[in-house]
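**Q** Dropping a structure here in structure tokens format, bear with me for questions.
The values are calculated or read from the model by the stated rules, or taken from the named source; none is laboratory data. On a predicted model such as this, the values are computed, not experimentally measured, just so you know. Note that we place each Cβ from the backbone using ideal geometry, even for glycine, and neighbour counts take in every protein chain shown. Please note that ligands, DNA and RNA were not included when accessible areas were found on the heavy atoms of the full protein model with its side chains. Shrake-Rupley method; radii C 1.70, N 1.55, O 1.52, S 1.80 Å.
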Amino acid sequence: MEPALQKSSLTTVDQEFLTFTLGDENYALDILTVKEIRGYENPTKIANAPPFIKGVINLRGDIVPIVDLRIKFSVGQATYDEFTIVIVLHIHNRIVGIVVDGVSDVVSLNKDQLRPPPDFGVAFDSRYLLGLATINEQMIILVDINELISSEEMGLFDSTVSVSSKE
Amino acid sequence: MSIDMQQFHSVFFEESQEHLDEMEHLLLELDVVNPDNEQLNTIFRAAHSIKGGAGIFGFDGLVSVTHVMESLLDKIRQGKMAITADMVDLFLGSVDVLKGILTSYRNHTDIDWAAANRLTELLESATDGKVNSQSKKSKKDEDQGFGFFTDPVLGEAQESYGFFEDIDQKQQEAYGFFEDLPATPAAPISVVEKPVVAEPQTSSSNVTANAPGNSKTKAADTSVSAENSSIRVDVTKVDQLINLVGEIVITQSMMNLIGKSIDGSLGEKYQSISAELERNTREIQEAVMSIRMLPVSFVFNRFPRVVRDLSQKLGKSIDLIIEGGETELDKGLTEKLVDPLTHLVRNSIDHGIESADVRVARGKEATGKVTLRAAQQGGSIVISIMDDGAGLNREKILRKAREKNISIGDNPSDAEVWQLIFAAGFSTADQVTDVSGRGVGMDVVRRNVQSLGGRIDIDSVEGQGSTFTIRLPLTLAIVDGMGVSVGDQTFIIPLVNIIESMQPAEKDIKTLVGDDQLLLVRDQYWPILPLYKSMQISSQFTDVHKGIAVLIETNKHKFALFVDALVGQQQVVIKSLEQHYKRVQGVAGATIMGDGSVALILDVESLGLTVAQKNPEFLAKAS
């Protein structure tokens, strides 16, 4: 259902990525995990959730958690206005929304354009990075979004990752 | 067998199943003293249709049994022979055997030929008039009820059991066989569980020898169930449809809201169209919801047989009255209701209804009465099992409770005492019978009912009878809830758990060491749980007396939930929070409100647990 994009699976064939911004940094994620992009709406708060989980929203009948990556990785200002964007992702049969500062473009990349990620200097742990790429003289950080969202650190899924096909 | 034949087979199986159900139904209704010829004819025709169909497909097992049944029925309907209660028993037994055979054919399992052969012989000897002569003797006693003549028969049953395989059976053995039948659970009547029944019947030792080359493959189709003219649809598809329709309703109500802000003639037009759309969507929603609904008679219809078998076995005479069988209930609920209801009905017959002489001595009619009633009350279905028997014995229950070291207050109310019988291992039966008395059961009944989101209440007057009332939500997907607000958020509390809501007076609030507070309501202290603390949100009020206290009772806990305000009572559709997120302490699920926002449904049981953990000493005092 969703593409399992592994680090090794990035081929020489072009793959499309959605670029987005967090603070001043440019990031990109596999476009095939994106279900939709929508404006931010006030979510319903959930008790005992870490601050970066803003709550849940109603996405056409599905109760979907909303994660603010800006809070999670302490980049940019976590402000919410009519320009705040939520990227709704479809990962491991689950739906998750991530709050970002903006969505910029769709880019095609292949393995040759990829540079290994640095060990420091980026907000994300290198475990969740596929690498770096340069497009139009801008550095783009490729995020392994599957890995990131299903990580224990995010605490979005129960520890026994129930990839149950409830749908 | 070719594929085409298979298709015809399934039609035949379904038709035969219907015929058998009809036969059973008519046999139970049949007035033995003064039989209605039309009913006899219908029974005969049903047997004949099965025989005809079975003959075409070569289901010899069915043919042989229905053939002899037919001969006997023919004699009766032509007036050559008078039908007796024993014959009705015999026919009912035949129906069971036929159902068993039908199931075996359907599931390609081995047929219980021994049972079929025994039955054929019994029917043949009955046709020869032997049963008839025997039953003339018992006919004299008929006025005194079934109970009278079953007792001596039971004795014979054991004696004659060993001769069953003998070919020349006398009519007495006829009883032996049929008295024996009820011991195997009455499941053969059940439509849904039929495949399961096939097993015990095939396990009989000398069966396989006679069985023609039927392989023992219990293939995937063992789950075939008899459904009449209907299409089978995956439940998930229906649920998806229900989900989507729910969304349309919400979207529609949002559109409605916007429409109200349009002015002028355009706005008027818009609103009239919007009203029409609203009506249509409501109708669609109802129609879609009704796909999952089944009349509760699907469950009730098995009870005449259960009651009949059981009353004979226990030597009691009992009338079963069924009311409201047309009440509709979610399919998932009906299936899960069978076990608890069966248990309660058996209980009523075994413990509730007294034996005939005791009843007469108490100035009641000798025939006991058990009533099964279903009715819709608002958003819930109420099913009651009433008997006019002895009622619950308060003293006996209290004594047993003390024996079992179940803690009870000094002067418990009747309702509290009745709740004791739901404790695990609790039984007041003096004797353990194979019907009931082992004390496993009532706790299971209650657990089953609760797992369906319902609750069970007891009402009992000693000497006059008891009523067990099961209250269930209309469907599993909808809960009756009370909306409460805390800060800018809305939460839903399941209505079944709410005792009452109130604005507490300042003087009734006692503060314990620390922050914990108690609320005094009618001489009882309730620990106060502020919802804003459990949900970690800011609230409008932090002083309990300014907000609302909702008194909540769960199975194990009682507490007062402190909220800002009541929003209103409504039915909400339960959505899973775990599907895309994970379990949250104190939250049972989520729902979507009329404006499209998400409200959390509270899990009062786990909230109660947090209260208990905080106030162990308080709970110790309370119990």
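**Q** Scan B:GLN524, B:GLN536 and give me the residue that is under 25 Å from B:GLY594 (Cα atoms) and of a type outside the set (Asp, Glu).
**A** B:GLN536
**Q** Of everything in segment B:572-586, what is at the interface with chain A (Cβ under 7 Å from one of its Cβ atoms) and assigned to a strand (DSSP E or B)? Give them in sequence order.
**A** Scanning segment B:572-586 gives a single hit, B:LYS575.
**Q** Let me ask something else. Would you pick out the residues in segment B:355-387 that are open to solvent by 10 Å² or more (accessible area, probe 1.4 Å), in a helix (DSSP H, G or I) and either within 25 Å of B:PHE298 (Cα to Cα) or not small (Gly, Ala, Ser) (or both)?
**A** B:ASP357, B:VAL358, B:VAL360, listed by residue number.
**Q** Against the condition open to solvent by 40 Å² or more (accessible area, probe 1.4 Å), not in a helix (DSSP H, G or I) and not assigned by TED's automatic domain parsing to the domain that holds B:VAL370, how does B:SER265 come out, does it pass?
**A** Considered against the rule, which asks whether it is open to solvent by 40 Å² or more (accessible area, probe 1.4 Å), not in a helix (DSSP H, G or I) and not assigned by TED's automatic domain parsing to the domain that holds B:VAL370, B:SER265 comes out as no.
**Q** Going residue by residue through segment A:88-106, is there one that turns out to be within 14 Å of another protein chain (Cβ to nearest Cβ) and open to solvent by 50 Å² or more (accessible area, probe 1.4 Å)?
**A** yes
**Q** Taking A:GLU147 and the conditions (1) farther than 30 Å from B:VAL249 by Cα; (2) open to solvent by less than 40 Å² (accessible area, probe 1.4 Å); (3) touching a helix residue (DSSP H, G or I) at 6+ places or on another chain (Cβ under 7 Å), which numbered condition does it fall short on, given that it satisfies the others?
**A** With (1) farther than 30 Å from B:VAL249 by Cα; (2) open to solvent by less than 40 Å² (accessible area, probe 1.4 Å); (3) touching a helix residue (DSSP H, G or I) at 6+ places or on another chain (Cβ under 7 Å) applied to A:GLU147, the lone miss is (2).
**Q** With respect to the numbered conditions (1) surrounded by 19 or more Cβ atoms within 10 Å (Cβ to Cβ); (2) acidic (Asp, Glu); (3) more than 39 Å from the chain's Cα centre (by Cα), which one is the sole condition not fulfilled by B:GLU506?
**A** Looking at each condition in turn, B:GLU506 falls short on (1).
**Q** Continuing with the same structure: Run down B:GLY352, B:GLY315, B:GLY332, B:GLY324 and say which single residue is in the same structural domain as B:VAL299 (by TED's automatic domain parsing), farther than 17 Å from B:PHE298 by Cα, out of contact with any helix residue (DSSP H, G or I) (no Cβ under 6 Å at 6 or more places or on another chain) and not polar (S, T, N, Q).
**A** Result of the check over B:GLY352, B:GLY315, B:GLY332, B:GLY324: B:GLY352.
**Q** Considering only residues that are facing another protein chain (nearest Cβ under 8 Å) and either without any contact (Cβ under 8 Å) to a residue 40 or more places away in the chain or in a loop (DSSP other than H, G, I, E, B) (or both), look in segment A:56-84 and name the one that is farthest from B:TYR581 (Cα to Cα).
**A** A:ARG60
**Q** I need a count of the residues in segment B:536-554 that are open to solvent by less than 50 Å² (accessible area, probe 1.4 Å), part of a loop (DSSP other than H, G, I, E, B) and within 14 Å of B:ASP508 (Cβ to Cβ).
**A** Qualifying residue count, segment B:536-554: 1.
**Q** Next question. Conditions first: (1) within 19 Å of B:THR467 (Cα to Cα); (2) open to solvent by 10 Å² or more (accessible area, probe 1.4 Å). B:GLY332 passes all but one, so which condition is the exception?
**A** The failed condition is (1).
**Q** Tell me which of these B:GLY568 doesn't satisfy, since it passes every other one: (1) part of a strand (DSSP E or B); (2) more than 14 Å from chain A (Cβ to nearest Cβ); (3) crowded, with 16+ Cβ neighbours inside 10 Å.
**A** (3)
**Q** Does B:THR251 satisfy the condition of being within 14 Å of chain A (Cβ to nearest Cβ) and either assigned to a helix (DSSP H, G or I) or among the small types (Gly, Ala, Ser) (or both)?
**A** Spelling it out, B:THR251 is indeed within 14 Å of chain A (Cβ to nearest Cβ) and either assigned to a helix (DSSP H, G or I) or among the small types (Gly, Ala, Ser) (or both).
**Q** Right, another one. If I ask for residues that are within 13 Å of B:HIS545 (Cβ to Cβ), open to solvent by 40 Å² or more (accessible area, probe 1.4 Å) and more than 40 Å from the chain's Cα centre (by Cα), which ones from segment B:509-523 would you list?
**A** B:LYS510, B:THR511, B:GLN517
**Q** Checking the conditions here, which among B:ALA429, B:ALA390 is closer than 17 Å to B:LEU314 by Cα, modelled with pLDDT under 80, touching a helix residue (DSSP H, G or I) at 6+ places or on another chain (Cβ under 9 Å) and not in a helix (DSSP H, G or I)?
**A** Just one listed residue meets the conditions, B:ALA429.
**Q** Going by what's in this entry, would B:ASN448 be described as at pLDDT 65 or above, over 18 Å from the mean Cα position of the chain (by Cα), polar (S, T, N, Q) and assigned by TED's automatic domain parsing to the domain that holds B:SER348?
**A** no
**Q** A follow-up question, please. Mind listing whichever residues of segment B:90-110 are in contact with a Leu (Cβ under 9 Å, 6 or more places away or on another chain) and either part of a loop (DSSP other than H, G, I, E, B) or within 23 Å of B:VAL306 (Cβ to Cβ) (or both)?
**A** Matches in segment B:90-110: B:LEU90, B:PHE91, B:LEU92, B:GLY93, B:SER94, B:VAL95, B:ASP96, B:VAL97, B:LEU98, B:LYS99, B:ILE101, B:LEU102.
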